Amino acid sequence: MTLALKTEDLAKTFPVGKPLFGPPKALVHAVRPTNLAVAEGETLGIVGESGCGKSTLARMLVGLLQPTSGRIEIGGRALDRADPAAFGRLIQYVFQDPVSSLNPRKTIRQIMEMPLVRLHGMDRAARAARIAEIFDWVSLRPEFLDRYPHEFSGGQAQRIGIARALAASPRILILDEPVSALDVSVQAQVLNLLADLKAELGLTYLFISHDLAVVEAVSDRIAVLYFGSVVETGPAESVFAAPRHPYTKLLADSAPVVGRPLGGAAEGELPDPLNPPPGCAFAGRCARATELCRRERPMLDQIEGDQFAACHHPIPA
């Protein structure tokens, strides 16, 4: 198996209450040391509730945030944090809000040309040919190039955002809630487009979402984040059919299903990031928690086959 992306102990902390001089009053661990391995051509779904660290992790992977510690490898090569262009030629980001992610002062042609000039140094003729090719991939009309972002619907703007990411010729796309701001019918169109592009171009996806139905439909494997840590990983069908971590089960039970009462909503919230618990961060919400859970933080261990969970008392299969 050839790895497209790998992280080793990747972590991010943010200072809180930093005075003009001296150290900050506290540090918030937005992402705790995280190890991920994503194979070429794979779609890794990253799920978790708001505030669990999904977007912070994604922004480190594309160079929008500098990691506090750890290492990022793409194609077996460690990326130099001092060279943003190295990130851009290998990995690109598709944002949640398609319209606000596009510069309102520039035409779509100018937006599309930027990565072609900055990352690949293309001349005008080469840029025109490349843009025409990419617009054909995402089913956009050539006359859109001379319009501005506010002139497009959400679905059209998201196709433009995907086209802009593809202009860099990346191997990997980070898709951060790419359909959550769209109507349901448009969501299906964008998801089908992403599937076609992946098959045609051999792309690797990291698909971030809180919508478990969407993640299950598009992902090969799943990584579940809670309080900045990966608490469960495994093949998508295994994780959704038989979750081994209580938090994963809580997420699955909380997803709306026609004809089933909503569950899990009254199970509490994330711990205080300024006063994290000493043991398992989920212990305060977990019916299976024991004194061991409140005292010692569990590590991510193999439970069965390719399924891993960070739990002292995993749910039996």
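Checked against the criterion of being aromatic (Phe, Trp, Tyr), more than 20 Å from the chain's Cα centre (by Cα) and closer than 23 Å to Glu200 by Cβ, the range 150-160 contains not a single residue that satisfies it. Note on the range 38-67: residues that are at positive phi and at pLDDT below 95 amount to 4. Applying the set (1) out of contact with any Lys or Arg (no Cβ under 9 Å at 6 or more places or on another chain); (2) at pLDDT 85 or above to Ile315 leaves exactly one unmet item: (1).
If you check Ile160, Ile111, Ile134, Ile174, which single one turns out to be modelled with pLDDT of 95 or more, aliphatic (A, V, I, L, M) and closer than 26 Å to Thr7 by Cα? Checking each option against the conditions leaves just Ile174. Just the residues that are open to solvent by 20 Å² or more (accessible area, probe 1.4 Å), of a type in the set (A, V, I, L, M) and within 14 Å of the chain's Cα centre (by Cα), please, taken from the range 214-229. The one that is open to solvent by 20 Å² or more (accessible area, probe 1.4 Å), of a type in the set (A, V, I, L, M) and within 14 Å of the chain's Cα centre (by Cα): Val218. Filtered by the rule that a residue be of a type in the set (D, E, K, R) and surrounded by 14 or more Cβ atoms within 10 Å (Cβ to Cβ), the range 140-149 gives a lone residue, Arg147.
Within the option set Leu10, Leu20, being assigned to a loop (DSSP other than H, G, I, E, B) and among the hydrophobic types (A, V, I, L, M, F, W, C) holds for one residue only, Leu20. For the range 9-34, a tally of residues being in contact (Cβ under 8 Å) with a residue 40 or more places away in the chain and open to solvent by 70 Å² or more (accessible area, probe 1.4 Å) returns 2. Listed conditions (1) modelled with pLDDT under 95; (2) surrounded by fewer than 21 Cβ atoms within 10 Å (Cβ to Cβ); (3) more than 24 Å from Ala283 (Cα to Cα) are all met by Val190, apart from (2). Scanning the range 21-63 for residues that are among the β-branched types (Val, Ile, Thr) and within 19 Å of Ile222 (Cα to Cα) returns Val31, Thr34, Val38, Thr43, Ile46, Val47, Thr56.
Taking Arg288 as the residue in question, decide whether it is in a loop (DSSP other than H, G, I, E, B), open to solvent by 50 Å² or more (accessible area, probe 1.4 Å), at pLDDT 90 or above and over 20 Å from Ala223 (Cβ atoms). Answer is yes for this residue. Counting only residues that are open to solvent by 40 Å² or more (accessible area, probe 1.4 Å) and at pLDDT below 70, the range 236-267 holds 10 of them.
The values are calculated or read from the model by the stated rules, or taken from the named source; none is laboratory data. The model shown is predicted, which means the values in this text are computed figures rather than measured ones. Cβ sites come from the backbone with ideal geometry, for glycine too, and all protein chains shown count toward neighbours. Side chains included, ligands, DNA and RNA excluded: accessible areas come from the protein's heavy atoms. Shrake-Rupley method; radii C 1.70, N 1.55, O 1.52, S 1.80 Å.
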